[in-house]
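One structure is given here, and the rest of the page talks about it.
Nothing in this text is a laboratory measurement; each read-out follows from the coordinates by a stated rule. Please read all numbers here as calculations on a predicted model, not as lab measurements. For neighbour counting, all protein chains shown are included, and Cβ atoms are generated from backbone atoms with ideal geometry for every residue, glycine included.
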Amino acid sequence: MCFFKPRAFWGVAALDRIWLSVDAVNMGTSQRARVYPFWGRWVEPCALPRQSRYAPRTPIVSSQPIPPSGRPINPHSIIRKVLMWWFRSPDVAYVSVNGQMDMTNALAYLERLAAQPGPKVSVQHLLAGVISRTLHHHPAANARILNHRIVPVADVGVAMPVNLLGHAAESASELGMALVETVQKRSLRQISEATRGAVKVEREGKSSNSVLAAIKGLAKRMPQPVLNRALDAIDQRLQNPLLATPFYRALPVTTGLTNPGAALANLPGARFMGGAFTLPQKLVHIGTLWGIAPISDDVFAIGGKAVVRPALPVLLIFDHRLIDGVAAGRILQYAYYILQDPERWFGPDGTHEGPEPYRP
C-alpha cells in the first residue's frame, strides 16, 4: 500500500519526480534495490536483465527552455542585512531540506559514457558537475560570508570527503578531503581525472591541498589544547579581508559533496530519508553542502500512476543568510533539470567544458 506525502516545499510547487516520498512496503515486487555505492564500484541489479537496465525515458525537460538563473547577489538588501544580524555567531544559519530525484536518464547516460574511451565517470563525478553548473547559475548560493559581509565568488570549488579506512593513510586519519577547483569550467572527464587524482593522493597519506596539508601537520605535532589555541588564532586572523583573500585562493572551496546514509546501501527494509547538519563557521565559510545517499529503487507518481524508478536521495544544507527557501527550491529544481538530460549539458562523450549547455 502506498502513502503519498505532500510535495510542496517553501511555497514552491515541486516537481513530481523530486519531492514525492512513498512508503512502499507490500508492493509485491521481486526486484531488489538497485544500488550505486557512492565511493565504490557499481553493483548490478539482481532482477533486471542487463540489456534493460535504466532504459532512458524521453527527457521531459529537454524540449523546455532552460530554467532562469538565480538573481545577482545583493548583499545590501534589507533581508540580507537583518539575517546577517539574526544569525550572528554562535547562532546557526543553516537550513536543511531533503528529497529524491529520478535518476533513470542520468544512469543511462553514465552507461553510454562507460562504453566510450576516456576516464570513467561515476555518479559522484556527475553530481559534482551538476552542482557546479547549478551554483554557477545561482551565484548567491556560491558566495562567502566574511566578517558579517557577503563576498561574491566567481568559481565553484567542491570539497569531497575521502574514506581512508583500508588504505595506507588510515593509521593517521580515518577521513581525508579531496578538493577540485573551478569545477564549473571542467568537463565530466576532467572532473573524473581531478577527483581520482586527489583521492589517490589522500589515500597515500598525503594531501591534495597545501592548506589542508598544513592543518594536518599541526594536528599531528601538537597536543589538543595547543592545537585548539593555534587554530582559534588562525580563524580570528582570517576575519581580516587582507589575510582571508589569499587564504581563500589557497583553499578555494565554496560547496561540499558528501554521502550520508551510505551505510544503508544493502540493508533490506532500510532507506535513507534525509538528515540535518550544522556547519561550523571556522576557517572557511561555504554556502551549501550536498548530502547524497546511494541510489535505490523507489516509487514515484508519474502521470497519476505509481512507477518504480532509481531514486537518488538528496540533502541540501544552505546558509539562510545567503539565500531564502524559494531560492533553495529553485536550486534543487535546476539540479534536477540537468540530471534529466545530462547529455545536453556535458555532451555525448562527457568532454564538453564550461557551465553552459552543449551545442553540437
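Here are the numbers for the structure shown:
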| read-out | value |
| --- | --- |
| Gyration tensor verdict on the stretch 255-360 (Cα atoms; rounded if a/c is under 1.5, prolate if a/b is larger than b/c, oblate otherwise) | oblate |
| Sorted by Cβ density within 10 Å, fewest first, the residues MET160, MET273 | MET273, MET160 |
| Extended-chain gain in nm, criterion 0.36 nm per residue less alpha-carbon gap, ALA233 and ILE66 | 55.5 nm |
| Distance between the stretch 95-162 and the stretch 188-238 - C-alpha centres, whole angstrom | 22 |
| Linear extension gain, GLU204 paired with LYS305, 0.36 nm per residue minus alpha-carbon span | 31.4 nm |
| Computed E for GLU111/LYS185 - FRET, C-beta separation, R0 41 angstrom, nearest 0.05 | 0.95 |
| Tensor-based shape of the stretch 161-264 (alpha-carbon gyration tensor, a/c under 1.5 rounded, otherwise prolate or oblate) | oblate |
| Whether the stretch 304-360 is rounded, prolate or oblate, judged on the alpha carbon gyration tensor where a/c under 1.5 counts as rounded | oblate |
| Cα-based Lys pair tally, the stretch 206-325, threshold under 25 Å, eight or more apart or on separate chains | 5 |
| Relative exposure of ARG203, ARG359, ARG133, judged by other C-beta atoms within 10 Å (fewest first) | ARG359, ARG203, ARG133 |
| Likely footprinting exposure, MET103, MET177, fewest C-beta neighbours within 10 Å first | MET177, MET103 |
| 5 angstrom amide H check on ASP297, placed H, neighbours 5+ away | ARG34, ALA311 |
| Candidate aspartates and glutamates for bridging to LYS185, where Cα separation is under 17 Å - those fewer than 8 sequence places away on the same chain excluded | ASP155, GLU193, GLU343, ASP349, GLU353, GLU356 |
